[in-house]
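> Structure provided below as structure tokens; questions to follow.
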Amino acid sequence: MKIRVLFFAKSRELAGQQQREFNDVPAKITGAELLSVICDQVPGLSKLRDSLVLAVNQEYVDKDTQLHLTETSEIAVIPPISGG
Amino acid sequence: MKIRVLFFAKSRELAGQQQREFNDVPAKITGAELLSVICDQVPGLSKLRDSLVLAVNQEYVDKDTQLHLTETSEIAVIPPISGG
Amino acid sequence: SNYVDITPSCLSINDVCDKIASPKAGATSMFVGTTRDNFKGKKVIRLEYEAYHGMALKEMEKICNSIRKKWNVISIAMVHRTGLVPIGEASVIIAVSSAHRADGLQAVQYGIDTLKETVPIWKKEVYDGEEESIWKANCECTQKKM
Amino acid sequence: SNYVDITPSCLSINDVCDKIASPKAGATSMFVGTTRDNFKGKKVIRLEYEAYHGMALKEMEKICNSIRKKWNVISIAMVHRTGLVPIGEASVIIAVSSAHRADGLQAVQYGIDTLKETVPIWKKEVYDGEEESIWKANCECTQKKM
């Protein structure tokens with residue numbers, strides 16, 4: 001399945017883009033597996049791997065969360081936040 | 001000795017005046033004794049007696065504080081406060 | 001710096017913030033006490049505050065000094081209005097700037113708690129209708145019996 | 001009511017206070033986060049904030065809802081600025097009106113603590129001289145390793 005992933009802040013700078021499409025991603029996948037798929041394909045992002053989390057449809061997901069992605073899922077890479 | 005006493009808020013209303021002089025007050029007197037001198041001479045104030053405290057020269061005094069009054073001491077009757 | 005004031009004028013949140021602004025401050029914490037339109041079901045039509053001006057300022061300065069002993073703060077502003085305060089308007093503002101927010105938030109809480117306990121200022125509530133006006137007493141006020 | 005906003009415009013304390021004003025409120029508690037001119041001795045010349053706009057608003061709404069479960073408050077306003085925020089200007093304001101002050105003060109503290117922990121907004125500090133800009137990380141941010 002084809003998915004679209006948004007990048008923010010440091011992950012956006014390391015990815016060199018605000019969003020990107022990924023092909024051949026399984027619809028059923030855990031949070032940790034999805035993050036690995038993304039990091040494996042984006043040069044530079046892997047060094048941030050351990051501090052990244054994901055959001056799907058604007059909700060945080062855990063590493064063990066069993067996801068059911070669709071082509072309209074809004075997936076985002078969230079580096080450590082620093083608002084306030 | 002002659003002293004001058006300031007009244008505020010409810011004590012001012014009950015005393016019917018903002019300040020008043022008292023004659024023949026001992027210079028050496030405890031806080032509790034001074035309050036009794038004042039309440040004994042001001043009609044209407046006695047019903048508030050148990051909720052009043054005194055300040056001398058703008059500092060709170062305790063009932064056991066041994067005061068050394070002078071004619072320029074600024075004595076004030078402080079009913080329960082309600083600022084804020 | 002400490003800025004303490006007791007004034008019959010309308011209090012301005014912006015003016016108070018300006019007093020404590022600092023480029024070193026990451027946090028401004030503030031409490032604004034406003035007059036309410038009701039007390040235990042009775043409609044309050046106005047409030048009047050009276051202060052023992054000189055002593056109240058001294059007690060407010062004491063609070064500022066205790067805050068500085070307890071927390072790491074940059075500037076403190078503490079202002080109280082006197083006289084008639086219409087419903088919805090501010091009677092008191094306490095604002096603290098600090099490098100880190102925990103200091104400022106705790107200082108503000110301590111500041112308003114202590115002000116209500118120690119600063120000689122009084123509030124009279126005037127009610128709608130036949131109800132008699134009442135001089136209030138703060139429950140925080142722990143005056144020892146004399 | 002809850003008022004949450006993320007905006008590139010200058011934040012106004014007065015506007016935020018107006019959003020939460022209520023004649024039923026006796027207390028307005030507020031926290032204003034401002035940009036500091038230094039970090040561990042390095043001179044900060046500017047800060048830039050970036051938000052995941054839609055999700056950040058949702059997380060801010062969640063914080064408002066948790067506040068209402070924990071404390072008795074009237075209105076909550078929570079606004080965050082994005083883009084370039086000059087030194088000394090506000091990046092975030094949280095204000096809560098309540099009948100009684102303890103609710104409001106605790107709600108504000110919880111609100112800013114939780115915002116720093118959960119709301120997807122990022123700050124980049126740009127330093128004077130040769131130092132490289134840095135994307136900061138809140139120590140409150142307890143993101144679990146994925």
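> Go through the stretch A:7-37 and give me each residue that's free of Cβ contacts under 8 Å to residues at least 24 places away in the same chain, more than 19 Å from A:PRO80 (Cβ to Cβ) and part of a loop (DSSP other than H, G, I, E, B).
Answer for the stretch A:7-37, where residues must be free of Cβ contacts under 8 Å to residues at least 24 places away in the same chain, more than 19 Å from A:PRO80 (Cβ to Cβ) and part of a loop (DSSP other than H, G, I, E, B): A:GLN17, A:ASN23, A:ASP24.
> How many of the residues in the stretch C:1-55 are over 30 Å from B:VAL61 (Cβ atoms) and part of a loop (DSSP other than H, G, I, E, B)?
16
> Right, here's the next one. Examine the stretch C:77-100 for a residue that is touching a strand residue (DSSP E or B) at 6+ places or on another chain (Cβ under 6 Å), open to solvent by 20 Å² or more (accessible area, probe 1.4 Å) and of a type in the set (Ser, Thr, Tyr), and state whether such a residue exists.
yes
> Separate question: Given (1) within 14 Å of chain A (Cβ to nearest Cβ); (2) surrounded by fewer than 20 Cβ atoms within 10 Å (Cβ to Cβ); (3) in contact with a Gly (Cβ under 8 Å, 6 or more places away or on another chain), identify the lone condition not met by D:LYS62.
That leaves (3) as the condition not met.
> From the list C:VAL79, C:VAL73, C:VAL85, which one is of a type in the set (A, V, I, L, M, F, W, C) and away from chain B (no Cβ under 13 Å)?
Details: C:VAL79 fails: away from chain B (no Cβ under 13 Å); C:VAL85 fails: away from chain B (no Cβ under 13 Å).
Every option except C:VAL73 fails the conditions.
> Further question on the same structure: When only residues in the stretch C:47-59 that are in contact (Cβ under 8 Å) with a residue 40 or more places away in the chain and over 27 Å from D:ALA95 (Cα atoms) count, which is most open to solvent (accessible area, probe 1.4 Å)?
Keep residues of the stretch C:47-59 that are in contact (Cβ under 8 Å) with a residue 40 or more places away in the chain, which gives C:47-53, C:55-57, C:59.
Narrowing further to those that are over 27 Å from D:ALA95 (Cα atoms): C:50-53, C:55-57, C:59.
Values: C:GLU50: 32, C:ALA51: 23, C:TYR52: 8, C:HIS53: 92, C:MET55: 0, C:ALA56: 0, C:LEU57: 46, C:GLU59: 12 Å².
Taking the candidates together, the pick is C:HIS53.
> For residues that are more than 9 Å from chain C (Cβ to nearest Cβ) and among the acidic types (Asp, Glu), scanning just the stretch D:8-46, find the one that is surrounded by the most Cβ atoms within 10 Å (Cβ to Cβ).
So, considering only residues that are more than 9 Å from chain C (Cβ to nearest Cβ) and among the acidic types (Asp, Glu), the one surrounded by the most Cβ atoms within 10 Å (Cβ to Cβ) is D:ASP15.
> Identify, from the list D:MET60, D:MET78, the residue that is among the aliphatic types (A, V, I, L, M), in a helix (DSSP H, G or I) and within 24 Å of D:CYS10 (Cβ to Cβ).
On the way: D:MET78 fails: in a helix (DSSP H, G or I).
None of the other options fit; the residue is D:MET60.
> Kindly check whether there is at least one residue in the stretch B:3-24 that is of a type in the set (Val, Ile, Thr) and within 10 Å of chain C (Cβ to nearest Cβ). Working first, answer last.
Initially, the stretch B:3-24 is screened for residues of a type in the set (Val, Ile, Thr), giving B:3, B:5.
Remaining after also requiring within 10 Å of chain C (Cβ to nearest Cβ): none.
No.
> Being surrounded by fewer than 19 Cβ atoms within 10 Å (Cβ to Cβ), more than 12 Å from chain B (Cβ to nearest Cβ) and acidic (Asp, Glu) narrows it down to one of C:GLU130, C:GLU117, so name that one. Working first, answer last.
Details: C:GLU117 fails: more than 12 Å from chain B (Cβ to nearest Cβ).
Answer to the selection: C:GLU130.
> Only residues in the stretch C:1-22 that are of a type in the set (Lys, Arg) count as the first member; pair them with residues that are modelled with pLDDT of 95 or more, Cβ under 8 angstrom, at least 6 apart or cross-chain, and list the lot.
Close Cβ pairs satisfying both conditions: C:LYS19/C:TYR3; C:LYS19/C:SER75; C:LYS19/C:ALA77; C:LYS19/C:ALA95.
> Shifting gears a bit: Among the residues of the stretch B:65-79, what is the count of those that are among the polar types (S, T, N, Q), crowded, with 16+ Cβ neighbours inside 10 Å and assigned to a strand (DSSP E or B)? Talk me through it step by step, then tell me what you get.
At the first step, the residues of the stretch B:65-79 found to be among the polar types (S, T, N, Q) are B:65-66, B:70, B:72-73.
Narrowing the set further to residues that are crowded, with 16+ Cβ neighbours inside 10 Å leaves B:65, B:73.
So of that shortlist, the ones also assigned to a strand (DSSP E or B) come out as none.
Result for the stretch B:65-79: 0.
> In the stretch D:102-112, is there at least one residue being open to solvent by less than 30 Å² (accessible area, probe 1.4 Å), within 11 Å of chain A (Cβ to nearest Cβ) and either of a type outside the set (Phe, Trp, Tyr) or within 18 Å of the chain's Cα centre (by Cα) (or both)?
Taking the stretch D:102-112 and keeping what is open to solvent by less than 30 Å² (accessible area, probe 1.4 Å), we get D:104-105, D:107-108, D:111-112.
From the residues that got through so far, the ones that are within 11 Å of chain A (Cβ to nearest Cβ) too are D:111-112.
Narrowing further to those that are either of a type outside the set (Phe, Trp, Tyr) or within 18 Å of the chain's Cα centre (by Cα) (or both): D:111-112.
Scanning the stretch D:102-112 turns up at least one residue that is open to solvent by less than 30 Å² (accessible area, probe 1.4 Å), within 11 Å of chain A (Cβ to nearest Cβ) and either of a type outside the set (Phe, Trp, Tyr) or within 18 Å of the chain's Cα centre (by Cα) (or both).
> Here is a follow-up. Hey, can you tell me all the residues within the stretch B:9-25 that are open to solvent by 90 Å² or more (accessible area, probe 1.4 Å) and either under 13 Å from the mean Cα position of the chain (by Cα) or closer than 19 Å to C:PRO120 by Cα (or both)? So that I can check it myself, show each step before the final result.
Kept after step one, since they are open to solvent by 90 Å² or more (accessible area, probe 1.4 Å), are these residues of the stretch B:9-25: B:18, B:21, B:23-24.
B:GLN18, B:GLU21, listed by residue number.
> Quick check on A:LYS47: is it outside any loop (DSSP other than H, G, I, E, B) and open to solvent by 70 Å² or more (accessible area, probe 1.4 Å)? Show your work before the answer.
On the way: outside any loop (DSSP other than H, G, I, E, B): yes; open to solvent by 70 Å² or more (accessible area, probe 1.4 Å): yes.
The answer is yes for A:LYS47.
> Of the residues that make up the stretch C:47-59, is at least one among the basic types (Lys, Arg) and farther than 18 Å from C:GLU140 by Cα?
Applying the first criterion (among the basic types (Lys, Arg)) to the stretch C:47-59 yields C:58.
Retained after the next criterion (residues that are farther than 18 Å from C:GLU140 by Cα): C:58.
The answer is yes; a qualifying residue exists.
> May I ask you to list the residues in the stretch B:29-84 that are within 9 Å of chain C (Cβ to nearest Cβ) and among the charged types (D, E, K, R)?
B:ARG49, B:ASP50, B:GLU59, B:ASP62, B:LYS63, B:GLU74
> Being modelled with pLDDT of 95 or more and within 20 Å of D:MET55 (Cβ to Cβ) is true for just one of A:GLN66, A:GLN18. Which residue is that?
Values: A:GLN66 fails: within 20 Å of D:MET55 (Cβ to Cβ).
Checking each option against the conditions leaves just A:GLN18.
> Can you pull out every residue in the stretch D:95-146 that is in a loop (DSSP other than H, G, I, E, B) and in contact with a Lys or Arg (Cβ under 8 Å, 6 or more places away or on another chain)? Walk me through how you get there before you give the answer.
At the first step, the residues of the stretch D:95-146 found to be in a loop (DSSP other than H, G, I, E, B) are D:99-100, D:119-120, D:128-133, D:136-146.
Of everything in the stretch D:95-146, those that are in a loop (DSSP other than H, G, I, E, B) and in contact with a Lys or Arg (Cβ under 8 Å, 6 or more places away or on another chain) turn out to be D:ALA99, D:ASP128, D:GLY129, D:GLU131, D:SER133, D:LYS136, D:ASN138, D:GLU140, D:CYS141, D:LYS144, D:LYS145, D:MET146.
> Out of curiosity, is B:SER82 in a helix (DSSP H, G or I) and hydroxyl-bearing (Ser, Thr, Tyr)?
Numbers: in a helix (DSSP H, G or I): no; hydroxyl-bearing (Ser, Thr, Tyr): yes.
It is false that B:SER82 is in a helix (DSSP H, G or I) and hydroxyl-bearing (Ser, Thr, Tyr).
The values are calculated or read from the model by the stated rules, or taken from the named source; none is laboratory data. The structure displayed is predicted, hence computed values, not measured ones. FYI the Cβ positions are ideal-geometry reconstructions off the backbone, even for glycines, and counts take in every protein chain you see. Accessible surface is based on the protein model in full, side chains and every heavy atom, while ligands, DNA and RNA are left aside. Shrake-Rupley method; radii C 1.70, N 1.55, O 1.52, S 1.80 Å.
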